[in-house]
Amino acid sequence: QVQLVESGGGLVQPGGSLRLSCAASGSIFSINVMGWYRQAPGKRRELVAAITAGGSTNYADDVAGRFTISRDNAKNTVFLHMNSLKPEDTAVYYCNADLRSSPSRRYVEVWGQGTLVTVSS
């Protein structure tokens with residue numbers, strides 16, 4: 001079985017910074033795309049940022065220039081560096097990975113349990 005465990009959420013003032021981490025563990029042969037999604041109260045889950053194994057990145061328009069996604073392929077870990085945080089960034093942030101457990105298996109999508117980020121004064 002594979003698990004994604006997030007950490008780093010919490011309360012931060014507007015304009016502040018946070019770094020989220022997500023480590024994948026278990027039977028993992030390879031990970032293709034890793035990403036971060038978020039879901040605010042009453043809203044749909046949305047993509048925040050994603051990164052391929054080769055390092056290509058994609059960002060939502062409202063976080064581009066403020067957030068940076070990175071990954072450590074050797075440790076199966078993905079990070080989200082969040083700067084200039086705004087109250088509207090408040091949400092539960094979920095880690096996501098597209099991975100397979102062996103060369104003969106297909107890629108499957110795995111989610112973390114989520115970590116709450118609250119931006120408030």
Using a 1.4 Å probe, what is the accessible area per residue for the chain, in Å²? 54
If you put +1 on each Lys and Arg Cβ and -1 on each Asp and Glu Cβ, how big is the dipole of the chain around its Cα centre, in Debye rounded to 20? 220
Neighbour cut-off at most 16 other Cβ (10 Å), DSSP loop, trypsin sites (Lys or Arg not before Pro), segment 66-97: 66
Output the relative contact order of segment 1-69, whole-number percent, from Cα pairs under 8 angstrom with separation of 6+ residues. 21
Rounded to a whole %, the carbon-and-sulfur portion of the accessible area of the chain at a 1.4 Å probe is 47
Residues residue 70 and residue 25, FRET efficiency given R0 of 25 Å [Cβ-Cβ distance, rounded to 0.05]: 0.85
Less than 15 Å Cβ to Cβ from residue 31, Lys/Arg counted +1 and Asp/Glu -1: what total charge do the surrounding residues give? +2
Placed amide H near residue 86: partners under 5 Å, 5+ positions off or other chain: 15
With an 8 Å cut-off on Cα pairs and a minimum separation of 6 or more residues, tell me the relative contact order of the chain in percent. 36
Restricted to Cα positions, what overall size does segment 50-121 have along the principal axes? Three whole-Å values, descending. 50, 24, 21
Summed over the other residues with a beta carbon less than 14 angstrom from that of residue 21, with K and R at +1 and D and E at -1, the charge totals +1
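The values are calculated or read from the model by the stated rules, or taken from the named source; none is laboratory data. Quick caveat: nothing in here was measured; it's all calculated off a predicted structure. We place every Cβ from the backbone using ideal geometry, glycine too, and count neighbours over all the protein chains shown. With ligands, DNA and RNA removed, areas are computed over all heavy atoms of the protein, side chains included. Shrake-Rupley method; radii C 1.70, N 1.55, O 1.52, S 1.80 Å.
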